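Structure first, then comments.
The values are calculated or read from the model by the stated rules, or taken from the named source; none is laboratory data. This one's a predicted model, so the numbers in the text were calculated from it and none came from an experiment. Positions of Cβ are generated from backbone atoms using ideal geometry, with glycine treated the same way; all protein chains shown enter the neighbour counts. Calculation scope for accessible area: heavy atoms of the full protein, side chains included, ligands and nucleic acids excluded. Shrake-Rupley method; radii C 1.70, N 1.55, O 1.52, S 1.80 Å.
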Amino acid sequence: MLKYILKRLGVAFMVALTVSVITFSLIYVSGDPAVALAGEAASNDEIEHIRKSYGYDRPIPVQYMDWLGRALQGDLGRSHYLKEDISDVILTRLPNTLILAGCAIAFALILSIPLGVAAAIRPNSLIDRFALTLAVVGQALPSFWFALIMMFFLGIQLRWLPISRVETWQGFIMPSIALGYYVTPGVMRLTRAGMLEVLQSDYIRTAKAKGLRPMVVLFKHALRNAIIPVVSLAAVQFGFMLGGSIVIESIFAINGLGFLAWETIQRGDLPMMQAIVLVLSLFYIVITFLADMLNAFLDPRIRVT
Amino acid sequence: MSDLILEVRDLVVDIPVATGMLHPVQSISFDVTRGETLCIVGESGCGKSLTSLAVMDLLPGTASRTASVLKLDDEDLQSAGERRMTDIRGNKMAMIFQEPMTSLNPAYTIGNQLEEALLRHKQVSGAEARERAIYLLEKVGITAAASRLTQYPHQLSGGLRQRVMIAMALMCGPDLIIADEPTTALDVTIQAQILHLLADLQKEFNMGMILITHDLGVVARVADRVAVMYAGQIVETGTAKQVFENPTHPYTQGLLECIPIPGKTERGAPLGSIPGIVPSLVGDLPGCHFADRCPHVMDACRSGQVDLRPSFEDGHVFRCLLTPDQSAANLKKGAA
């Protein structure tokens, strides 16, 4: 087990390092950063001055090490546009996105796993058809449209939930559903397919031959094996939600990281963009690592050799 | 308690398929008494595995079973509900499957999977269940039994896993044990060990055993009684001695001729085989099922239903229009 953890940690570290290099080079992908900063009307002297004062004249590896060193200490630089410390800005925006993505994935899993299991127990039954319909609708509906429909009915017509902002916890309900629903079809269908396969397996027949209660057969023996690929999928989807909640955050006017990313792209604020990409990537790496650990716990073939 | 453990009369299994109704098991009757091993022999697809699954009430989804009598320890299994069946399965009758590599759950330890059977059916503590698991693992010839309990199936070889499966079946001390081709997936060297193990345990715990196999060598070594199945029917049944010494059904005779005998079968001589293929069991099949492959087929074989008839000795019956004497004469002719 220890060997496996160390191996996964090593992989996570290498990915993080690669991500940091790519993120750092973002500064240079749109041309000379000093020219970009100085603006169109700047003279050569001004550009040179900016290049010196921002340290862009040093060799690139030195700049990278310097940037990485400060990033490791939590200093992600200053935003050219907002004139604020980037770390502060990200820290104020991050909680909203984390709560949103967390609620969304929780909603998606709570809806899709039981539905997937129920559909697998009785293929082609009413509940299976219902689940399938829900999945098709979920895959076909654009999340922004679904969000608008919810806003119209739950927010404007019935006045049950706030249609924007997240000052109260109620504000998170609609955005979480809108974001989570999008993930439901994939998770549900994977759960259903996994359960269908596992329920046909020899060890389920053994469990039944032992006279175990149907619930024990289903949850102890079948679900644990069927859920393993679902964990990996859910982790990937959770990562996407963190970075990909731009649309939902915009619609519901949530001051989150996704919304910040969108604003930042509009402004061409490269250091801020760099920092957002880095933070999101690190979250992604952590989530993937945790998913690997969870899978190792569920499947002894991974952890015991 | 009566010596009769399992009583099966007119067991039928039907499976609806696209082209009609499949009849893989057609009116099978047999008994198993305490301390006795019944071998059900036949080639692939003859219905022998479905017969055992029907007794366990573990038939796959669409298959249905009926019988005029289906009793275990005098209890009617047909009127027992699913809930009662879960109390019986693993407790009074247990099953060992053909595929030891996939029959254990990869996610749980050997100990967990052994103990849960006992904890489910008997009022015992965790420690007692553990003790029983160690005792039985030692019984089935696994060394360092206590340390095996914490191991996972993927850490064990196929032979060991089948031993674990046997121990698991014995956890609750069942009256009847059904072994469905328990040695087919194992190395030849391991096959003999597992078979002897099963035979020894069956005598030691005085259980009834149904051993399902297509291997006549296996049958000869462990069977008390033999039921030869062909295309969903029992075509010949009797004690092992009766069936092996005086096979009266042409199919049984053909099967036995297929076995090469050291010293008797000439080197380089072609191995025996029965020409033709098994008939489709979809829809009704009039007459003798073996007619198309039988060397002694007559017109009458294809018209009416062929019933079991007594052979030379008591308890030995076969499904053929020939008299025992004619049949025995055919066997002699073939040998000459």
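First check a/c for chain A, with a ≥ b ≥ c the square roots of the eigenvalues of its C-alpha gyration tensor; if it is under 1.5, answer rounded, and if not, answer prolate when a/b is larger than b/c or oblate otherwise.
Since a/c reaches 1.5 but b/c is at least a/b, the shape of chain A is classed as oblate.
Taking a probe of 1.4 Å and counting only protein heavy atoms, give the total accessible area buried between chains A and B in Å², rounded to the nearest 100.
2300
When the accessible area of segment B:25-168 is split by element with a 1.4 Å probe, what percent falls to carbon and sulfur?
49
Please provide three numbers in whole Å: the alpha-carbon extents of segment A:2-72 along the principal axes, with the largest listed first.
So the three principal-axis extents are 59, 19, 15 Å.
With r as the distance between the Cβ atoms of residue A:6 and residue A:68 and R0 = 22 Å, compute the FRET efficiency 1/(1 + (r/R0)^6) and round to 0.05. Before the final figure, lay out the partial values.
Details: r = 23 Å, r/R0 = 1.04.
Result of the calculation: an efficiency of 0.45.
What average number of partner chain Cβ atoms lie no more than 10 Å from the Cβ of the residues making up A:209-221?
Going residue by residue through A:209-221 and averaging, the value is 6.
For the protein assembly as shown, place one equal point scatterer on every Cα, skip the solvent, and apply the Debye formula. What is log10 of I(q)/I(0) at q = 0.10, 0.11, 0.12 Å⁻¹?
Result of the Debye calculation: -0.97, -1.09, -1.21.
Please give every one of the lysines within straight-line cross-link reach of residue B:264, meaning a C-alpha to C-alpha distance under 30 Å, and leave out same-chain neighbours fewer than 8 residues apart.
Answer for residue B:264, where 30 Å is the Cα cut-off: B:241, B:332, B:333, listed by chain and number.
Where does each of A:15-27, A:167-179, B:44-56 land if you order them by average Cβ count within 10 Å, highest first?
B:44-56, A:167-179, A:15-27
Within 10 Å of each Cβ of B:160-172, how many other protein chain Cβ atoms are there on average?
1
About its Cα centre, how strong a charge dipole does chain B have in debye, to the nearest 20, once Lys and Arg get +1 and Asp and Glu get -1 at the Cβ?
560
Accessible area per residue for chain B in Å², computed with a 1.4 Å probe and the full protein assembly in place, what is it?
44
Looking at the P(r) of segment B:1-101, how many percent of alpha-carbon pairs lie beyond 17 Å?
When every Cα pair of segment B:1-101 is considered, 55 percent fall beyond 17 Å.
Let's test the formula: R0 of 41 Å, r as the Cβ-Cβ distance of residue A:82 and residue A:13. What FRET efficiency results, to the nearest 0.05? Can you show the working numbers first?
On the way: r = 31 Å, r/R0 = 0.76.
Step by step, r from the Cβ atoms, then E = 0.85.
So, R0 is 22 Å and r is the distance between the beta-carbons of residue B:312 and residue B:261; what FRET efficiency does that work out to, to 0.05?
Working: r = 23 Å, r/R0 = 1.04.
Here the calculated transfer efficiency is 0.45.
Compute the acute angle (0 to 90°) between the alpha-carbon long axis of helix A:44-53 and the principal axis of greatest extent of the alpha-carbon atoms of chain A; round to the nearest 10°.
Around 60 degrees separate the two axes.
Measure off 7 Å from each Cα along the Cα-to-Cβ vector at residue B:280 and residue A:168, then give the distance between these two points in nanometres to one decimal.
In this crude label model, residue B:280 to residue A:168 measures out at 7.0 nm.
Starting from the 7 Å offset along Cα-to-Cβ, what nm value, one decimal, do you get for the label separation of residue B:297 and residue B:189?
So the label points at residue B:297 and residue B:189 sit 4.5 nm apart.
Distance check, please: which entries in A:3/A:208; A:7/B:139; A:208/B:71; A:210/B:139 exceed 30 angstrom between their Cα atoms? Let's see the in-between values first.
Working: A:3/A:208 36 Å; A:7/B:139 40 Å; A:208/B:71 20 Å; A:210/B:139 19 Å.
Beyond 30 Å between Cα atoms: A:3/A:208; A:7/B:139.
Over the C-alpha atoms of segment A:87-267, what are the Rg and the largest Cα-to-Cα span, Dmax, in Å?
19.1, 66
Within 10 Å of each Cβ in B:101-111, how many Cβ atoms from other chains are there, averaged over the peptide?
Counting Cβ atoms of other protein chains within 10 Å of each residue's Cβ and averaging gives 5.
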